[in-house]
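Chemist: Please read through the structure below; I'll follow up with questions.
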Amino acid sequence: MLAAVKDVIRILNEIAPPSLAEEWDNVGLMVGRTDEPVRVILCALDYSAEVLAQARELRANLIVTHHPAIFKGIRHLTDEDWHTSLLLDAARENIAVFSAHTNLDSAIGGINDVLAELLGLDGVETLCEQAGTLAGIGRVGVLPEPKEVAVFADTVREKLGLPHITYAPAGAMVRKVAVCSGAGMDFLDAALRSGADTYVTGDVKYHEAQDAVGKGINVIDGTHQATELIMMNHLADRLALRLSRDSYATRVLVAKETPLFRVL
């Protein structure tokens, strides 16, 4: 028996409750019919031409992404824009698209928990808790042993599979580490309040790094893409386990996504 789109949505909403999404966010079913049977689910960070091509090849008819396939309001759904053209392709080919964004960031067992575990942090707590829950943006924990910032930055690079990494040292040894997947510099002050000496996030701008160093906290830029791609295999595994437990024959696969930025 195949799961319907609505069955998969029910499971995804248990993994990453929509109530955890930020007010400005857009999560849930972006394209598709809820009663459609799902042969294959393809998990991906982004809904892109590359991912859509793989969905066609793998006969996937549900793509589950982290970044919303529809984020800002759409006034015209035409083929004159690359983004809306891809949405039209999905609708025409009966491929549903679902997105779990900041709710997957904040969820227990979500991206930030995966990132904290990958970096070997112990005693992990939520960095910015949502009221009445243990969930929220970011995590903070401690290393078993202190490390020089350059050594820890290289560990981050290796764990995230990056060819290189950038970091701004503030002179502190690394022991207590805050992490926030994606673009997290808006939460720098929360990292400081947590007592972290090091902050791992992505999309770090020059003046943001300068501010962090001035406040005495090391910053390591693990890149937006790499700090979030780590979730896709975990999400696929959890989905596959739940579907199997509910006796659904729907398969779950992970897209191969090319790094957006290259290094010469």
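Chemist: Any residue in the stretch 88-104 that is under 22 Å from residue 225 (Cα atoms), in a loop (DSSP other than H, G, I, E, B) and open to solvent by less than 50 Å² (accessible area, probe 1.4 Å)? Even if it seems obvious, please write down each step before you answer.
Modeler: Step one: of the stretch 88-104, the residues under 22 Å from residue 225 (Cα atoms) are 97-104.
Checking which are in a loop (DSSP other than H, G, I, E, B) leaves us with 100-101.
From what's left, open to solvent by less than 50 Å² (accessible area, probe 1.4 Å): 100-101.
Yes, the stretch 88-104 contains a residue that is under 22 Å from residue 225 (Cα atoms), in a loop (DSSP other than H, G, I, E, B) and open to solvent by less than 50 Å² (accessible area, probe 1.4 Å).
Chemist: Taking the stretch 41-95, which residues are among the β-branched types (Val, Ile, Thr) and under 18 Å from residue 251 (Cβ atoms)? If you could, list the steps in order and put the result at the bottom.
Modeler: Pass one, the stretch 41-95, residues among the β-branched types (Val, Ile, Thr): 41, 51, 63-65, 70, 74, 78, 84, 95.
Within the stretch 41-95, 41, 51, 63, 64, 65, 95 meet the criteria.
Chemist: Among the residues in the stretch 108-123, are any in contact with a Gly (Cβ under 7 Å, 6 or more places away or on another chain) and of a type in the set (Val, Ile, Thr)? So that I can check it myself, show each step before the final result.
Modeler: Of the stretch 108-123, the ones in contact with a Gly (Cβ under 7 Å, 6 or more places away or on another chain) are 112, 116, 121-123.
In the following step, the residues that additionally are of a type in the set (Val, Ile, Thr) were identified as none.
No.
Chemist: Could you list, in sequence order, the residues of the stretch 53-87 that are aliphatic (A, V, I, L, M), in a helix (DSSP H, G or I) and open to solvent by less than 40 Å² (accessible area, probe 1.4 Å)? It would help to see each step written out before you state the result.
Modeler: Going through the stretch 53-87, the residues aliphatic (A, V, I, L, M) turn out to be 53, 55, 58, 60, 62-64, 69-70, 74, 77, 86-87.
Retained after the next criterion (residues that are in a helix (DSSP H, G or I)): 53, 55, 58, 86-87.
Listed by number, the residues that qualify are 55, 86, 87.
Chemist: Among the residues of the stretch 171-197, how many are over 26 Å from residue 104 (Cα atoms) and buried (at least 18 other Cβ atoms within 10 Å of the Cβ)? Lay out the reasoning, then the answer.
Modeler: From the stretch 171-197, those over 26 Å from residue 104 (Cα atoms) are 171-175; that's our starting set.
Imposing the further condition that a residue be buried (at least 18 other Cβ atoms within 10 Å of the Cβ) reduces the set to 174.
The qualifying residues number 1.
Chemist: Tally up the residues in the stretch 15-29 that are open to solvent by less than 20 Å² (accessible area, probe 1.4 Å) and among the small types (Gly, Ala, Ser), please. Explain how you work it out, then say what you get.
Modeler: Applying the first criterion (open to solvent by less than 20 Å² (accessible area, probe 1.4 Å)) to the stretch 15-29 yields 15-16, 20, 28.
Pick out the ones that are also among the small types (Gly, Ala, Ser) and you get 16, 28.
Qualifying residue count, the stretch 15-29: 2.
Chemist: With respect to residue 28, is the statement that it is in contact (Cβ under 8 Å) with a residue 60 or more places away in the chain and under 20 Å from residue 226 (Cα atoms) true? Outline the logic, then answer.
Modeler: On the way: in contact (Cβ under 8 Å) with a residue 60 or more places away in the chain: yes; under 20 Å from residue 226 (Cα atoms): no.
No: the conditions fail for residue 28.
Chemist: Tell me whether the stretch 6-14 contains one or more residues that are assigned to a loop (DSSP other than H, G, I, E, B), within 20 Å of residue 92 (Cα to Cα), among the charged types (D, E, K, R) and open to solvent by 50 Å² or more (accessible area, probe 1.4 Å).
Modeler: The answer is no; no qualifying residue exists.
Chemist: If residue 114 satisfies every condition in (1) in contact with a His (Cβ under 6 Å, 6 or more places away or on another chain); (2) among the hydrophobic types (A, V, I, L, M, F, W, C); (3) farther than 27 Å from residue 162 by Cα but one, which is the exception?
Modeler: (3)
Chemist: Moving on. Which residues, counting only those in the stretch 108-159, are in a loop (DSSP other than H, G, I, E, B), over 18 Å from residue 218 (Cβ atoms) and touching a Ser or Thr at 6+ places or on another chain (Cβ under 9 Å)? Can you show your working first?
Modeler: First pass over the stretch 108-159, keeping only residues in a loop (DSSP other than H, G, I, E, B): 108-110, 119-121, 130-135, 148.
Filter once more, keeping what is over 18 Å from residue 218 (Cβ atoms): 108-110, 130-135.
Result: 108, 110, 130, 133, 134, 135.
Chemist: Quick check on residue 162: is it assigned to a loop (DSSP other than H, G, I, E, B), surrounded by 16 or more Cβ atoms within 10 Å (Cβ to Cβ) and at pLDDT 95 or above?
Modeler: Values: assigned to a loop (DSSP other than H, G, I, E, B): yes; surrounded by 16 or more Cβ atoms within 10 Å (Cβ to Cβ): yes; at pLDDT 95 or above: yes.
Judged against the criteria, residue 162 is a match.
Chemist: Additional query: Based on this model, can you work out whether residue 137 counts as open to solvent by 60 Å² or more (accessible area, probe 1.4 Å) and over 25 Å from residue 248 (Cα atoms)?
Modeler: Numbers: open to solvent by 60 Å² or more (accessible area, probe 1.4 Å): no; over 25 Å from residue 248 (Cα atoms): yes.
Here the answer is no, as residue 137 does not meet what is asked.
Chemist: Same structure again: Of all residues in the stretch 116-134, count the ones that are of a type in the set (A, V, I, L, M) and open to solvent by 40 Å² or more (accessible area, probe 1.4 Å).
Modeler: First, the residues of the stretch 116-134 that are of a type in the set (A, V, I, L, M): 116, 118-119, 121, 124, 127, 131, 134.
So of that shortlist, the ones also open to solvent by 40 Å² or more (accessible area, probe 1.4 Å) come out as 118, 124, 131, 134.
Result for the stretch 116-134: 4.
Chemist: Any residue in the stretch 30-38 that is in a loop (DSSP other than H, G, I, E, B) and surrounded by 22 or more Cβ atoms within 10 Å (Cβ to Cβ)? Break it down into steps so the answer makes sense when it comes.
Modeler: Here is the first cut: in the stretch 30-38, the residues in a loop (DSSP other than H, G, I, E, B) are 32-36, 38.
The next check asks that each one be surrounded by 22 or more Cβ atoms within 10 Å (Cβ to Cβ); those that pass are 38.
Within the stretch 30-38, one or more residues are in a loop (DSSP other than H, G, I, E, B) and surrounded by 22 or more Cβ atoms within 10 Å (Cβ to Cβ).
Chemist: Has the stretch 206-218 got at least one residue that is modelled with pLDDT of 95 or more, within 22 Å of residue 113 (Cβ to Cβ) and under 20 Å from the mean Cα position of the chain (by Cα)? Even if it seems obvious, please write down each step before you answer.
Modeler: Of the residues in the stretch 206-218, the ones modelled with pLDDT of 95 or more are 206-218.
Going one step further and asking which of them are within 22 Å of residue 113 (Cβ to Cβ), we end up with 217-218.
Of the ones still in play, those that are also under 20 Å from the mean Cα position of the chain (by Cα) are none.
Within the stretch 206-218, none of the residues are modelled with pLDDT of 95 or more, within 22 Å of residue 113 (Cβ to Cβ) and under 20 Å from the mean Cα position of the chain (by Cα).
The values are calculated or read from the model by the stated rules, or taken from the named source; none is laboratory data. A quick note: this is a predicted structure, and the numbers were derived from the prediction, not measured. No Cβ is skipped: glycine too gets one built from the backbone with ideal geometry, and neighbour counts run over all protein chains shown. Keep in mind that these areas ignore ligands, DNA and RNA; they rest on the heavy atoms of the full protein, side chains included. Shrake-Rupley method; radii C 1.70, N 1.55, O 1.52, S 1.80 Å.
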